[in-house]
Amino acid sequence: MKTVDIYTDGSCLGNPGPGGWACILAVSGAEKVMAGGEAETTNNRMELTAAIRALEVLKEPCEVVIHTDSKYLADSIMLGWAEKWKRNGWKRADRSPALNTDLWDRLLDLNSAHSVRYVWVKGHDGDPRNERCDLIARSYAAAFTGKK
């Protein structure tokens with residue numbers, strides 16, 4: 001099975017506000033960079049979108065490590081929270097509605113096609129690919145404001 005390292009980041013100018021996402025897929029020494037944005041969104045939605053977009057381009061089952069500086073993303077998957085929310089009709093442990101259920105549902109489906117592990121990395125701590133994703137995501141968010 002092919003091994004893919006994926007680095008992701010999401011950015012939002014205001015929360016909600018204009019947002020951007022970026023991901024870097026690294027396979028056998030080669031890289032693919034993808035990015036995009038939305039005029040009105042949240043940081044968490046952009047974090048999830050980055051992981052979704054990266055997994056969507058994989059054409060076969062892979063062993064995947066997703067490096068993210070989002071505890072929301074990493075913990076919700078690795079600690080099983082998102083799976084529990086789904087099983088409970090998209091309700092959290094306190095019975096309040098889970099947020100971003102459209103994206104969580106898509107991400108859970110994509111995860112099931114691969115062997116995926118999420119690794120939290122500290123943001124703005126010098127990881128070169130995390131820093132690149134941050135810059136790219138912020139530039140996409142800024143594009144919606146007319147400022148770069």
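Only the coordinates and a few stated rules stand behind these numbers; no lab work does. For clarity, every value in this text was computed on a predicted model and none was experimentally measured. FYI the Cβ positions are ideal-geometry reconstructions off the backbone, even for glycines, and counts take in every protein chain you see.
The table for this structure:
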quantity: Added length on full extension, which subtracts the Cα-Cα distance from 0.36 nm per residue, Arg87 to Met34; calculated: 15.9 nm
quantity: Taking Asp9, Asp134, Asp105 and counting other C-beta atoms within 10 Å, the order from fewest to most; calculated: Asp105, Asp134, Asp9
quantity: Whether the chain is rounded, prolate or oblate, judged on the alpha carbon gyration tensor where a/c under 1.5 counts as rounded; calculated: oblate
quantity: Most fluctuating residue given options Thr49, Thr41, Thr68, as computed from a GNM of the chain linking Cα atoms under 10 Å; calculated: Thr41
quantity: Residues whose placed amide H lies under 5 Å from that of Lys91, excluding near-sequence neighbours; calculated: Ala98
quantity: Cα shape, segment 1-84, gyration tensor, a/c 1.5 rule; calculated: oblate
